[in-house]
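Asks: Sending over a structure as structure tokens; questions will come in a sec.
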Amino acid sequence: MKKTVFDCSLLELTKVHHPEGNLTYVYQDCHVPFPIDRVFYSYDIPAGESRGAHAHKQCHQLIIAASGSFEVVLDDGVNKRTVLLNRPFFGLHVPPGIWSSEQGFSSGSICLVLASDVYSEEDYIRDYDEYVEWIDRTTKQLNDKTTKPFQMEH
């Protein structure tokens, strides 16, 4: 089934309160609905800059504003949705097949990403027109598989 921006979910992570500072921890397949094979983060992003602007064919991501704030713009080729991330104990799950970009970074922001797959350039779609073509092809393939007529064998 084709994923939509409404399949992207905001997950509240565990927050342990402590007088010396709070702690949030993450376990794969417990707090995050996928295995974690890669972790990376972007920082020193000039205020107001945008990043990302791509989709993944297979990789799931959990995007967290570890510090500061920014918006994640989600696009499924039909619908668009913008999610503000500004708390380090919330993460946005972006499943494969969703175009996403981050924008409006506050000064000092850190964008932390937990990913289901190791880096593979082949998994990325970096051109929006190619993304729309990929969505159309993928949707057609899914529809062809689910709409084949049932035939009885004699």
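Throughout, read-outs are computed from the coordinates displayed, never taken from laboratory work. As the structure is a computational prediction, the values presented were derived from the model and not from experiment. A quick note on method: Cβ atoms are made from the backbone with ideal geometry, for glycine too, and the neighbour counts reach across all protein chains shown.
Asks: Pop a pseudo-label 7 angstrom from the Cα along the beta-carbon direction at both GLU20 and HIS54 and give the gap in nm to one decimal.
Replies: So the two model labels end up 3.9 nm from each other.
Asks: If you don't mind, there's one more thing I want to ask. 7 Å from Cα along Cα→Cβ at both TYR119 and SER101: what's the point-to-point distance in nm?
Replies: Computed distance between label sites TYR119 and SER101 equals 2.2 nm.
Asks: For the chain, what does the relative contact order come out to in percent, with C-alpha contacts under 8 Å and a separation of six or more?
Replies: Details: 322 pairs, mean separation 48.4, N = 154.
The normalised contact order for the chain reaches 31 percent.
Asks: Of the DSSP beta bridges with both residues in the chain, give the percent that are antiparallel, rounding to the nearest 5.
Replies: 95 percent
Asks: What are the lysines whose alpha-carbon lies under 26 Å from the alpha-carbon of LYS140, with same-chain residues fewer than 8 places away excluded?
Replies: LYS2, LYS3, LYS57, LYS80, LYS148
Asks: Between ARG87 and ASP7, what is the label-point separation in nm under the 7 Å Cα-to-beta-carbon projection?
Replies: According to this spin-label approximation, the distance is 2.7 nm.
Asks: Please report, in Å, the Rg and the Dmax of the chain, where both are computed over Cα atoms only.
Replies: Looking at the chain, its Cα Rg and Dmax stand at 17.8, 74 Å.
Asks: Classify the stretch 53-98: rounded, prolate or oblate, from the alpha-carbon gyration tensor (a ≥ b ≥ c, eigenvalue square roots; a/c under 1.5 rounded; otherwise prolate if a/b is larger than b/c)?
Replies: On the way: a/c = 2.70, a/b = 1.57, b/c = 1.72.
Judged from the Cα gyration tensor, the stretch 53-98 comes out oblate (a/c at least 1.5, b/c at or above a/b).
Asks: Scanning the chain for chymotrypsin sites (Phe, Trp or Tyr not before Pro) in DSSP loops with at most 12 other Cβ atoms within 10 Å, what's the longest stretch left with none?
Replies: 28-118
Asks: For the chain, what is the calculated [θ] at 222 nm in deg cm²/dmol (nearest 500), taking -39500 (n - 2.57) for each run of four or more DSSP H residues and dividing by its residue count?
Replies: Result for the chain, helices only: -4000 deg cm²/dmol.
Asks: Please compute the length gained on full extension between PHE40 and GLU133, using 0.36 nm multiplied by the number of residues separating them and subtracting their Cα-Cα distance.
Replies: Length difference between fully extended and current span is 30.6 nm.
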